[in-house]
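Read the structure below first, then the notes.
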Amino acid sequence: MSLTAAEKLIHEHLVEGRPVPGERIAIRIDQTLTQDATGTMAFLQLEALHVDSIRTELSLSYVDHNMVQNGFENADDHRYLQSVAKRYGVRFSRPGNGICHQVHFERFALPGKTLLGSDSHTPTAGGMGMLAIGAGGLDVACAMAGEPFWLTYPEVTGIRLTGELQDFVSAKDVILRVLSILTTEGNVGTINEYFGDGLVHLHAQDRATIANMGAETGATTSLFPSDEITRAFLKAQGREDGWRPLRADPDAVYSKEIELDLSGIEPMAACPHSPGNVVPLGELAGTRVDQVCIGSCTNSSFRDLAMAAEILAGRKVSDNTGLTIGPGSRQVLTMIAQSGHLNSLIDSGARIAESTCGFCIGNGMAPCTDAVSLRTANRNFEGRSGTASAQVFLVSPEVAAAAAITGEITDPRELGIVCPSITVPDAFPVDDSMTIVEHDPTFEPVRGPNIGPPPLSKSLPEKLAGKVQLVVGDKITTDHIIPAGKRLIYRSNIDRYSDFVFEGIDPAFAARCRANLQIGSFNFIVGGESYGQGSSREHAAICPMHLGVKAVFARSFERIHTANLVNFGILPLLLETEEDYSALKIGHELEIVNPRERLAPGKALTVIDHTTGERFEVGHTLSGRDIEMVLAGGLLNWIRCRDREDRS
Ligand code: MIC
Ligand code: SF4
């Protein structure tokens, strides 16, 4: 049978289920990654699973998100993560070593292997033929403990690349073009697989950029073949022995095919407030720009920063525009320092930030009121920059550098300069001393006062009645549900973090839920299409769970968030018609009829709206295993019960 590259990797790792699109399957996970903002919770959960050491080939714990350290909380989390890594034999990447996806791509990703990461941009490693999937922290904890990962066997979308990119057009423009075609909705349960003659013109890091931001389509992951370009990159990183070839069979069949002629792609931009609002840059030319930020896991490689530096060399940043550069890793920082590009950036007036997520997650660099900010990141959700009124546009490093010089949105082809040609070195400066390898199963992890126990939910009650506490529209992101930025310090303190659920939409939400819970009633949320887009943060399920939310009713859900809801015992229920959605209002008292008895795969549930007296049906996509988990009150409870039964 002819297979796509994605299907080959799935078949090699399949441990349960039938390899048929739409079926639930389980795959073996070879590597995991966590980052600090999701990692503390993941490791608290790993501790609750009572294993002695990790059972993956390699697990990495990165510190890259919370590094502002405006108090003891971040540093306590770092210390806990380093100590718990030692306890279980996880490799620990110290603060300063770089952004998880960039460092993983440079030093640890391997073609042919599987990677599960507690961050939605884990698919970055798909740029080198790795099956790399983002998930909630609890799923990653389970993978570290040796559990397989459950997902829906995907439909594979083939993206055939032909031609070669024009000068000043780069990988970011390719993924923005893909987003303009696929959009941010309707791709749940698919994999974007790239193939075709155009691939030979894309370096490994270009492919990483495209795979990284493929997360914004909502697809399970993106995948590039592993070829001679992949091999050259691994060789330059001193890791050629990890290379293996991977490509689709010549007559493999994709469920849908898209053809992209790279030579026809123009510079593009994603306009506020969605990565899917893509327009050709020309439509925005001349717009005043207050801030430019170059970095994030999408565009912070040596190629990207060297390109920006060459465009800025001998020029100054415009008087009314601020420019910040965030190198993706210590390796990148070392390289731009050695190559002289760092000097060009400093001379131009750029501010050099640490190798962290930083501005991308609203941790510093919030722009001024009503600012226009051009960023090379992957997300421009409203308020994510830290400034509610800011307009964030997502662009390539070339477009960002041009705007920094002129102070307005400018097509870099109109700067009147020759397009710099960046040569990626044959040998990268390799120094892994910032990733610590230790293992002592007797070592006691060190906890600070802000670090609580892992949250557990109660099993699903016989009678499930409660109040609608919020009705929201389409494309609600997990940033809307639980904000990052200045609230990130509470990632390890669920009770405190829960105060900020839906803070930007309805600051009274948490208090209403707590009051209702006090009188013995549960809480419900109502949403539109694509509920739970964006970040993998499981806090978007844990904190609502803590506030007594037992079900979310929506027109459709995104993949990672659905899994997180189930993992924490919350029912993701599908509203079948627009009328059902419009009929539900804040304050309505709902009852889900006999959920413990009636919950079964493919079977609708009945809901009574006691406020209007109406009854309606709701669907769901829960598998038998998902249902067992919800009934048990979440994945941790379910595993504990299963292990208890196994022992008895
Ligand atoms: C993001 O880009 O939104 C984050 C911050 O990296 C998240 C993870 C988190 O919220 O900690 C993600 O993409 O999963
Ligand atoms: Fe960090 Fe931004 Fe990448 Fe998320 S998208 S991992 S916040 S750099």
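The values are calculated or read from the model by the stated rules, or taken from the named source; none is laboratory data. Just so it is clear, the structure is predicted and the values come from calculations on it, not from any experiment. Every residue, glycine as well, gets a Cβ built from its backbone with ideal geometry; the counts of neighbours run over all protein chains shown.
Which of the residues belonging to the stretch 502-530 are within 16 Å of ligand 1 (Cβ to nearest atom) and under 27 Å from Ala219 (Cβ atoms)?
As a first pass, look at the stretch 502-530 and keep what is within 16 Å of ligand 1 (Cβ to nearest atom): 502-504, 530.
Across the stretch 502-530, the qualifying residues are Phe502, Gly504, Ser530.
In summary, strands (runs of 3 or more DSSP E) completely within the stretch 106-195 and bearing 2 or more residues that are of a type outside the set (A, V, I, L, M) and away from ligand 2 (no atom under 16 Å from the Cβ) occur at 149-152, 155-162, 190-195. If the condition is being crowded, with 24+ Cβ neighbours inside 10 Å and on the phi > 0 side of the Ramachandran plot, then the stretch 89-130 contributes Gly98, Gly129. The residues of the stretch 600-630 that are touching a residue at least 60 places away in the same chain (Cβ under 8 Å) and hydrophobic (A, V, I, L, M, F, W, C), listed by number, are Val618, Met629, Val630.
Leu49 - would you say it is at pLDDT below 95, in contact with a helix residue (DSSP H, G or I) (Cβ under 8 Å, 6 or more places away or on another chain) and on the phi < 0 side of the Ramachandran plot? Spell out the reasoning first.
Details: at pLDDT below 95: yes; in contact with a helix residue (DSSP H, G or I) (Cβ under 8 Å, 6 or more places away or on another chain): yes; on the phi < 0 side of the Ramachandran plot: yes.
Considered against the rule, which asks whether it is at pLDDT below 95, in contact with a helix residue (DSSP H, G or I) (Cβ under 8 Å, 6 or more places away or on another chain) and on the phi < 0 side of the Ramachandran plot, Leu49 comes out as yes.
In the set (1) out of contact with any His (no Cβ under 8 Å at 6 or more places or on another chain); (2) touching a residue at least 12 places away in the same chain (Cβ under 8 Å); (3) of a type in the set (Ser, Thr, Tyr); (4) away from ligand 2 (no atom under 16 Å from the Cβ), Tyr497 fails one condition alone, (1).
When we screen Thr376, Thr387 for residues that are touching a Cys at 6+ places or on another chain (Cβ under 9 Å), within 26 Å of Ile481 (Cβ to Cβ), surrounded by fewer than 23 Cβ atoms within 10 Å (Cβ to Cβ) and not aliphatic (A, V, I, L, M), the only hit is Thr387. Quick check: is even one residue across the stretch 180-202 crowded, with 19+ Cβ neighbours inside 10 Å, at pLDDT 95 or above and more than 26 Å from Leu3 (Cα to Cα)? Yes, the conditions are met somewhere in the stretch 180-202.
Only one entry of Ala42, Ala85 meets the criterion of being within 16 Å of ligand 2 (Cβ to nearest atom) and either part of a helix (DSSP H, G or I) or at pLDDT below 95 (or both), and that entry is Ala42. Pairs meeting the criteria (first residue in the stretch 520-546 and touching a residue at least 24 places away in the same chain (Cβ under 8 Å) and surrounded by 24 or more Cβ atoms within 10 Å (Cβ to Cβ), second residue of a type in the set (D, E, K, R) and part of a helix (DSSP H, G or I), beta carbons under 6 Å, at least 6 apart or on different chains) are Gly534/Asp479. Scanning the stretch 50-71 for residues that are within 28 Å of Pro441 (Cβ to Cβ) and away from ligand 1 (no atom under 16 Å from the Cβ) yields His50, Val51, Asp52, Ser53, Ile54, Arg55, Thr56, Glu57, Leu58, Ser59.
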